[in-house]
Amino acid sequence: MTGQVRGIQLARLLGQWHALPGRRRSPDYAALAGTVRGLLADGRLPLGVRLPAERELAEALRISRTTVTAAYRQLRETGHLASRRGAGSWTMLPGNHRVASTGLWTPLDDREMLDLGVAALAAPPQLLTAARAATEDLPRYLGGAGYHPTGIIELREAVADAYAARGLPTSADQIMVTSGTQHALDLVLRLALAPGGSVLVESPTYPNALAALAGRRARITTHGLAADGWEPDLLLGSLRQTRPNLAYLIPEFQNPTGHLMPAALRERVVAAAHAVGTDLVIDESFVDLPLDGTELPPPVGVYDRHSRVISIGGMSKLYWGGLRIGWVRASAPQVQRLAAVRVGVDMASPVLDQLVAVHLLADADAIVAERRVQLAVQRDALLGALAQRLPDWRVTVPRGGVTLWAELDGPVSSALARAAEEVGVRLAPGPRFGLDGTMERFLRLPFTLPAADLVEAVGRIAAVRYDLDRTGRRRWREPAVIA
Ligand SMILES: Cc1ncc(COP(=O)(O)O)c(C=O)c1O
């Protein structure tokens, strides 16, 4: 058991459960149970947590206790809840799943799986060379204790230089090295968001950011992205009306949609955020990956005169996720405060890994050039296979990043992901990127696997898509969990 979720917390997670599309004829208890299953499948409600007592949840949702009792009964019947008299009810998943050490649930046997659930590349060949060179550098650090809460100076300087090269003058004391971008986000949230604080996010957005926000019990409002990206008036209107404590945005090749925020909107967002007292957390995970010669607008931080913008980024997308190196760019005092927060978490990042990062960044130009060519080839292979095998799906060609956001020919994303898993393809279905169980018409497809694997994966997806219709399944199957 990992904890307990209270009635109001679950009510918040459940959102608009009673008004979800397609539930007109199903009773309230079934809709409630279905939404809890969706939250479990999306990883937004952890496994092994104790759900609130029936009466508590009924009060939080302002519905009758009988409805909650019936929903819990159905969840027990479908294998999503285990109850013990007097002790309560715990969340679980039916069937062949286990808890990995990360707390995420992964299927038992996935060695042969074509994994389109993860949007990250294999390591570049330069990684081994960088690792060897790093071990040569290590003796310089071995005489000290090895704790560098803001990171080793060489890496902070290299990261600061990269910001300066993008037009945002930055000094090393404005950089804090973290163990990945996700860690950077978590630390920033610990510093800048009181538990229960309000946060604006894009919808769809990066699911693990939602997980980090859930960890702060954030009250989340969303800005729905249109087919061509942010709607300026709506985004600025949301900021002005909801005045969130913080907004989390991914302006470069947004995950999952691939959109690039134009310069004019960047400037207006910073001004609006300052006017209403909102801090901006800008996730620049994909900033190094424009494709087709796309020109990048200035970094959001360029428009910041009041330390409203905290930028986070890292090595995972351009270099390798297994390196676990990320960073925060903030004002020097904010970096000091982050370091103070960090000592209560993990003290510092590994010195050796930071040295590897220094060597990779020194080789950035060559690696960037190769990665861009590789990604453009893979993206085009994926687009070609989709046009051939799934011509009814609509995709906008992303001008960078590593993902396509495909609009399907029906609300079948979760069902398709489940069926694809059976033929060896793991998918991240649309609802994984939203808050309210919607987005069943969408699917994120990364182009990070080799071209031949992508073509093979699309062939298998197309086969099961066809089967979904042919076998005329009356109900969608339970969505697979993506780790
Ligand atoms: C938008 C975004 N932020 C953060 C991360 C996490 O990156 P890291 O591996 O550096 O923690 C990812 C990885 O997919 C991402 O897409």
* Asked: So is T35 part of a helix (DSSP H, G or I), polar (S, T, N, Q) and modelled with pLDDT under 90 or not?
  -> yes
* Structure fact -> Scanning segment 226-272 for residues that are of a type in the set (D, E, K, R) and surrounded by fewer than 19 Cβ atoms within 10 Å (Cβ to Cβ), the one nearest to A120 (Cα to Cα) turns out to be D228
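Being open to solvent by less than 30 Å² (accessible area, probe 1.4 Å), more than 17 Å from the chain's Cα centre (by Cα) and over 30 Å from A31 (Cβ atoms): is that true of L408 here?
So L408 does not fit the description; no.
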* Look at segment 404-423 and say how many of its residues are among the β-branched types (V, I, T) and within 10 Å of L443 (Cβ to Cβ). => 1
* Among the residues of segment 259-276, is there at least one that is more than 18 Å from P299 (Cβ to Cβ), at pLDDT 95 or above, in contact with a Ser or Thr (Cβ under 9 Å, 6 or more places away or on another chain) and not aliphatic (A, V, I, L, M)? -> no
* **Pairs where the first residue, in segment 330-343, is among the hydrophobic types (A, V, I, L, M, F, W, C) and the second is open to solvent by 40 Å² or more (accessible area, probe 1.4 Å), C-beta under 7 Å, 6+ apart** => A332/D173; V335/D173; L338/L191; A339/P149; V341/R190; V341/L191; V343/P149
* To do: Go through the residues of segment 343-353 one by one and say whether even a single one is more than 24 Å from the chain's Cα centre (by Cα), of a type in the set (D, E) and surrounded by fewer than 16 Cβ atoms within 10 Å (Cβ to Cβ).
  => no
* Structure fact -> All conditions in (1) within 12 Å of the ligand (Cβ to nearest atom); (2) open to solvent by 10 Å² or more (accessible area, probe 1.4 Å) are true of G293 except (1)
* Asked: Of the numbered conditions (1) open to solvent by 40 Å² or more (accessible area, probe 1.4 Å); (2) assigned to a loop (DSSP other than H, G, I, E, B); (3) at pLDDT 90 or above, P52 satisfies every one except a single condition; which is it?
  -> (1)
* Mind listing whichever residues of segment 306-331 are more than 15 Å from the ligand (Cβ to nearest atom), open to solvent by less than 30 Å² (accessible area, probe 1.4 Å) and of a type in the set (G, A, S)? => A330, S331
* Structure fact -> Per the filter on segment 195-209, residues open to solvent by 10 Å² or more (accessible area, probe 1.4 Å) and in a strand (DSSP E or B) are S198, S203
* Asked: For segment 440-449, does any single residue satisfy the condition of being among the aromatic types (F, W, Y) and in a loop (DSSP other than H, G, I, E, B)?
  -> yes
* **Verdict on L213 being under 23 Å from F433 (Cα atoms) and assigned to a loop (DSSP other than H, G, I, E, B)** => no
* Of all residues in segment 274-285 being touching a strand residue (DSSP E or B) at 6+ places or on another chain (Cβ under 8 Å) and over 18 Å from S203 (Cβ atoms), the one that is most open to solvent (accessible area, probe 1.4 Å) -> D279
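The values are calculated or read from the model by the stated rules, or taken from the named source; none is laboratory data. As the structure is a prediction and not an experimental result, all values here were calculated from the model. Counting neighbours? That spans all protein chains shown, and the Cβs are built from the backbone with ideal geometry, glycine included. Areas reflect the complete protein model, heavy atoms only, side chains present, ligands, DNA and RNA absent. Shrake-Rupley method; radii C 1.70, N 1.55, O 1.52, S 1.80 Å.
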